[in-house]
Amino acid sequence: MVKKESVEILKAKNIQVTPQRLAIFEQLMGRKDHPSAEMIFNDIKNDFPSLTLVTVYNTLQKLVSTDLCIKVNPLHTSARYDGNTEVHQHLVCNHCQKIIDMHDASVSVELPDLIYEKYKIVEQSVTFYGTCVECQETMRTSTIN
Ligand SMILES: [Zn+2]
Ligand SMILES: [Zn+2]
């Protein structure tokens, strides 16, 4: 992503742009692996010696509250963040806990009207659980050995 665009996107959400925030935002937008705050921190800390994990957490929280990213937590461990805010489904690997985007699966879940009248539904997510390609490969080779 071009830096100038990122600056504009953050400014449009009234987020004060700092080099650190910009790096966190671009890091999240540039990757597809639904990173945790720790993963982002580890990848950019060398570029920003004064960066703290708290700053990364706070920035991600700000991005979530301004709808620039979504929090995905299908593993019920630490929060993972997703730069893709379009409605899409995830496949979670039961073995390595990788979260993979399933863009081709157009799954729509319709609840009875009564439910929509009763509750204020703000988000919908569909998660599939299974075994990723790499883990299937690992299992196949470990069976042979
Ligand atoms: Zn896996
Ligand atoms: Zn995703």
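Residues in segment 99-119: is at least one without any contact (Cβ under 8 Å) to a residue 60 or more places away in the chain and closer than 30 Å to T18 by Cβ? Taking every residue of segment 99-119 in turn, none turns out to be without any contact (Cβ under 8 Å) to a residue 60 or more places away in the chain and closer than 30 Å to T18 by Cβ.
I70 meets all of the listed conditions (1) modelled with pLDDT of 85 or more; (2) among the hydrophobic types (A, V, I, L, M, F, W, C); (3) in contact with a strand residue (DSSP E or B) (Cβ under 7 Å, 6 or more places away or on another chain); (4) over 27 Å from I9 (Cβ atoms) but one, namely (4). Cβ-Cβ contacts under 9 Å between residues 6 or more apart (or on different chains), taken from a first residue in segment 84-98 that is assigned by TED's automatic domain parsing to the domain that holds S125 and among the basic types (K, R) to a second residue that is part of a loop (DSSP other than H, G, I, E, B) and within 16 Å of ligand 1 (Cβ to nearest atom), are listed as K98/D33; K98/H34; K98/C132.
Candidates in segment 15-49 are the residues that are free of Cβ contacts under 8 Å to residues at least 12 places away in the same chain and in a loop (DSSP other than H, G, I, E, B); of these, the one that is nearest to the chain's Cα centre (by Cα) is K45.
Looking across S78, S108, one residue alone is part of a loop (DSSP other than H, G, I, E, B), away from ligand 1 (no atom under 16 Å from the Cβ) and either in contact with a helix residue (DSSP H, G or I) (Cβ under 8 Å, 6 or more places away or on another chain) or on the phi > 0 side of the Ramachandran plot (or both). It is S78. Look at segment 126-141 and say how many of its residues are at pLDDT 90 or above, among the hydrophobic types (A, V, I, L, M, F, W, C) and under 26 Å from the mean Cα position of the chain (by Cα). Qualifying residue count for the region: 3. Taken over segment 96-125, the criterion of being over 26 Å from Q27 (Cβ atoms) and either within 11 Å of ligand 2 (Cβ to nearest atom) or modelled with pLDDT of 85 or more (or both) is satisfied by L111, P112, D113, L114, I115, Y116, E117, K118, Y119, K120.
The values are calculated or read from the model by the stated rules, or taken from the named source; none is laboratory data. All of these numbers come straight from a predicted model, not from anything done at the bench. Because the Cβ atoms are built from the backbone with ideal geometry, glycine has one as well, and the counts that use them run over all protein chains shown.
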